[in-house]
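The structure under discussion appears below in the form of structure tokens.
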Amino acid sequence: MAETTAAYAGNTHTADLAPGSLITQDGQIQWAGLLIGPGTPFAVDRSGLTGWEDLPDYDASDADRPTSHGAWPGSRYAKPRKVGGTIVLMPEYSATTEAVRALRQSLALLDEERWLAVRLHGEILAVRARIAQRVVPTDRGFATQGTSKMSIQWLAADPRRYVVNEQVATATAPQPESGLTWPLTWPLNWGQATSTGDTVAENTGSAPAHPVIVFRGPCSMPTVTQRVSRLRLRYAIDLAAGDELTVDTAAGTVMLNNTASRRHTAMADSSPEELFLLEPGRTELSFRPDGGGADALMTVRWRSAEW
């Protein structure tokens with residue numbers, strides 16, 4: 001176990017690494033740059049994790065019926081997810097100090113969220129979370145051998161669990177068909193459009209996902225519409241060649257070239273960014289800018305989400 005313990009020296013375990021980038025087998029947990037589970041000095045107790053596969057708590061807007069039984073069903077919104085577990089500290093005695101320091105630094109009270117990833121049955125899911133609790137009994141075993149059973153709890157403000165691989169869909173601005181070629185010959189050939197401006201985003205999970213949408217110029221009035229729900233994002237802005245308007249629907253931000261907010265350019269028929277969700281399944285999207293050239297591009301990025 002000396003080789004795995006040595007990996008916990010230094011500060012790399014505090015870095016917000018890509019979710020699941022350190023995981024190599026089932027049962028392992030990656031918290032930022034700290035790996036927990038089989039093959040590490042930090043074993044997971046047989047009781048496992050709590051709150052990982054559970055549905056999160058939620059608030060409901062149900063309204064009681066004043067003159068009848070029951071209530072009118074309202075919307076339900078999930079609360080932050082609490083994930084907890086018991087970790088058994090089992091380093092080699094000579095490496096106890098490094099392992100304890102790694103725990104102190106990675107399991108600290110920080111304002112920024114980190115990736116918490118878990119692999120079970122070959123599947124890795126991840127949440128953005130912060131440490132909510134760390135209980136390490138300093139009993140005789142800890143004092144003499146460096147072993148301890150510690151309790152850890154994470155709090156994920158966004159309760160959805162995400163696949164680690166980000167998916168991407170693109171669409172260029174619609175281009176007209178070439179039209180008929182003279183002299184006419186039968187059967188008539190109207191040509192084929194080089195771009196329809198349509199694309200599909202598929203959320204393979206069980207929870208709605210917030211996409212990040214990037215419009216790239218040259219185009220005016222960049223617009224994307226969900227063809228079934230008719231939800232739409234439309235902005236009164238002219239994008240020059242190379243300009244990018246980035247819409248983060250989870251954060252509700254609209255940024256031009258990652259420097260200046262342009263949320264105020266949203267048109268009256270544009271939906272609130274936070275409501276532009278990719279529901280489980282396929283979502284057909286249409287990119288319809290005004291005056292878009294052949295180089296105008298819409299890129300949609302998302303991670304499929306699970307409850």
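The values are calculated or read from the model by the stated rules, or taken from the named source; none is laboratory data. Because the structure is predicted, anything quoted here is derived from the model rather than measured. Note that we place each Cβ from the backbone using ideal geometry, even for glycine, and neighbour counts take in every protein chain shown.
The condition (being surrounded by fewer than 17 Cβ atoms within 10 Å (Cβ to Cβ), in contact with a Gly (Cβ under 7 Å, 6 or more places away or on another chain) and farther than 28 Å from ARG160 by Cα) is satisfied by just one residue among GLY242, GLY291, GLY217: GLY242. Out of the residues in segment 52-76 that are among the hydroxyl-bearing types (Ser, Thr, Tyr) and under 30 Å from GLU123 (Cβ atoms), which is surrounded by the most Cβ atoms within 10 Å (Cβ to Cβ)? Residue satisfying both the conditions and the ranking: TYR58. Answer yes or no: is there a residue in segment 85-99 that is closer than 27 Å to ALA207 by Cβ and of a type outside the set (Asp, Glu). Among the residues of segment 85-99, at least one is closer than 27 Å to ALA207 by Cβ and of a type outside the set (Asp, Glu), which makes the answer yes.
When segment 133-150 is filtered for residues that are assigned to a loop (DSSP other than H, G, I, E, B) and either farther than 20 Å from LEU109 by Cβ or of a type in the set (Phe, Trp, Tyr) (or both), the ones remaining, listed by number, are ASP139, GLY146, THR147.
Among the candidates ALA251, ALA268, ALA260, the residue that is exposed (fewer than 14 other Cβ atoms within 10 Å of the Cβ), more than 21 Å from THR170 (Cβ to Cβ) and either among the aromatic types (Phe, Trp, Tyr) or under 17 Å from the mean Cα position of the chain (by Cα) (or both) is uniquely ALA251. The residue that is farthest from ASN203 (Cα to Cα), counting only those in segment 272-290 that are in contact with a strand residue (DSSP E or B) (Cβ under 8 Å, 6 or more places away or on another chain) and among the aliphatic types (A, V, I, L, M), is LEU285. Checked against the criterion of being surrounded by 20 or more Cβ atoms within 10 Å (Cβ to Cβ) and at pLDDT 95 or above, segment 102-116 has at least one qualifying residue.
One residue alone among VAL44, VAL118, VAL83 is in a strand (DSSP E or B), over 30 Å from TRP302 (Cα atoms) and not charged (D, E, K, R), and that residue is VAL44.
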